[in-house]
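The values are calculated or read from the model by the stated rules, or taken from the named source; none is laboratory data. Keep in mind the model is a prediction, meaning the values are calculated, not measured. Using ideal geometry, Cβ is built from the backbone for each residue, glycine included, and neighbour counts are taken over all protein chains shown. Surface accessibility is based on the protein's heavy atoms, side chains included, excluding ligands, DNA and RNA. Shrake-Rupley method; radii C 1.70, N 1.55, O 1.52, S 1.80 Å.
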Amino acid sequence: MTSTDAPAAIAPAPPVLAEVVRSGFTEGHHRGSLVLLAADGSVERTLGDPDAPVFPRSSNKPMQAAAILRAGLELSGERLALAAASHSGEPFHLELVAKMLAEHGLSAADLRTPPDLPLDPVAAEAYLAAGNVRERITMNCSGKHAAMLAVCVRNGWDTASYLDPAHPLQLLVGQVVAEAAGEPVAAVGTDGCGAPLMAIGLTGLARAFRSFVLAEPGSAERRVADAMRAHPEYVAGTRRPDTWLMAEVPGTLSKMGAEAVQAVALADGRALAFKIDDGSVRALGPVLARALELLGVDAPVVSRMGRAPLLGGAVEVGEIRATF
């Protein structure tokens, strides 16, 4: 560096969203960004930089499911909820994925999901105890992939390349994401399941969820929202916060994504989205509960989701708690 060179600007660290407190001692922090939208869609509160693009991961699934409907596949009820799911791999999830594939002349061999175990630890233990091994159909995104394959069959599109970003279906997904978010897709990557992944800001993600719950009845977006809210156990599983929230707060649309992303829209248009920078899902519940409290949600499920105890010798000795 010469004497005339200015030092490079250092971006400020994102704010702390949650702290890890053990035995009264703060031993760690989880930083990130968050946005809250009022019922009229205006920004009510921000932390960090919610306009910076992120990969929403599976929080993009409602938009992917809407694109599948727009492409002409007739889905409803549990099948449509499963098309937007990160399912737990419980038996009822796997049975319906297999049915969806068979209904279109497909099988689990057509899936391009990586072989995996059930996402839910209890389901995974039972699955392994029964002598099963990792399979493509067991991966938590297999419902989405089954629907993507089915719409390809319906339209005569190539099924072998359905995950190619240039495939007609994936191009349509990109359009739906940009329309719902109200902003262009900033980058395209590859999700853990192998599907193309569109980056948008957290504010755009919150706007997208808000647009789904307020969409005209019968539209692709509203059909996805209605199916997810009517069948939340197919969106997640019997032991998952997304299921609890949609089941216990009427009209709520909720979907988490990997790397600690969460988006929620309430029936009246209030919405939130956040990402924890280090990707730690252990802080997701406390941050989500606090964000819902700030939006005025008063329900027992909020307190339940917000509890994240820390154990020492099998005894509760601390907690992970929101700091805002």
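A few points about this structure:
- Of all residues in the stretch 79-122, those satisfying the criterion of being part of a loop (DSSP other than H, G, I, E, B), open to solvent by less than 10 Å² (accessible area, probe 1.4 Å) and under 13 Å from Met148 (Cα atoms) are Ala84, Ala85, Leu111, Thr113.
- Across the stretch 19-37, the qualifying residues are those that are small (Gly, Ala, Ser), open to solvent by less than 20 Å² (accessible area, probe 1.4 Å) and in contact (Cβ under 8 Å) with a residue 40 or more places away in the chain, and the one among them that is farthest from Leu266 (Cα to Cα) is Gly32.
- Enumeration of residues in the stretch 144-161 that are in contact (Cβ under 8 Å) with a residue 24 or more places away in the chain and either over 21 Å from the mean Cα position of the chain (by Cα) or under 24 Å from Arg210 (Cβ atoms) (or both): Lys144, Ala147, Ala150, Val151, Val153, Arg154, Asn155, Thr159
- Residues of the stretch 215-264 that turn out to be under 19 Å from Ile68 (Cβ atoms), in a helix (DSSP H, G or I) and open to solvent by 50 Å² or more (accessible area, probe 1.4 Å), as a count: 4
- Residue in the stretch 88-96 that is touching a strand residue (DSSP E or B) at 6+ places or on another chain (Cβ under 7 Å) and under 30 Å from Ala314 (Cβ atoms) present: no
- If the condition is being open to solvent by less than 20 Å² (accessible area, probe 1.4 Å) and either under 21 Å from Arg229 (Cα atoms) or more than 20 Å from the chain's Cα centre (by Cα) (or both), then the stretch 39-66 contributes Pro56, Ser58, Ser59, Asn60, Lys61, Pro62, Met63, Gln64, Ala65, Ala66.
- Taking the criterion of being charged (D, E, K, R) and not in a loop (DSSP other than H, G, I, E, B), the only residue of the stretch 265-278 that qualifies is Lys275.
- Cβ pairs under 6 Å, 6+ apart, first in the stretch 236-248 and in contact (Cβ under 8 Å) with a residue 60 or more places away in the chain and closer than 21 Å to Leu94 by Cβ, second among the polar types (S, T, N, Q) and open to solvent by 10 Å² or more (accessible area, probe 1.4 Å): Ala236/Thr243
- Tally of residues being open to solvent by 20 Å² or more (accessible area, probe 1.4 Å) and part of a helix (DSSP H, G or I) across the stretch 187-211: 3
Matching residues to (1) open to solvent by less than 30 Å² (accessible area, probe 1.4 Å); (2) closer than 23 Å to Leu36 by Cβ; (3) under 15 Å from the mean Cα position of the chain (by Cα):
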site	(1), (2), (3)
Val173	yes, no, no
Val176	yes, no, no
Ala181	yes, yes, yes
Val185	no, no, no
Val213	yes, yes, no
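- Qualifying positions in the stretch 133-165 - under 16 Å from Gly72 (Cβ atoms), part of a loop (DSSP other than H, G, I, E, B) and open to solvent by less than 10 Å² (accessible area, probe 1.4 Å): Tyr162
- Condition check for Pro115: in contact (Cβ under 8 Å) with a residue 12 or more places away in the chain and under 17 Å from Val176 (Cα atoms): no
- A residue that is of a type in the set (Asp, Glu), crowded, with 16+ Cβ neighbours inside 10 Å and assigned to a strand (DSSP E or B) can be found somewhere in the stretch 297-319.
- For the stretch 31-58, residues that are touching a Leu at 6+ places or on another chain (Cβ under 6 Å) and not in a strand (DSSP E or B) total 3.
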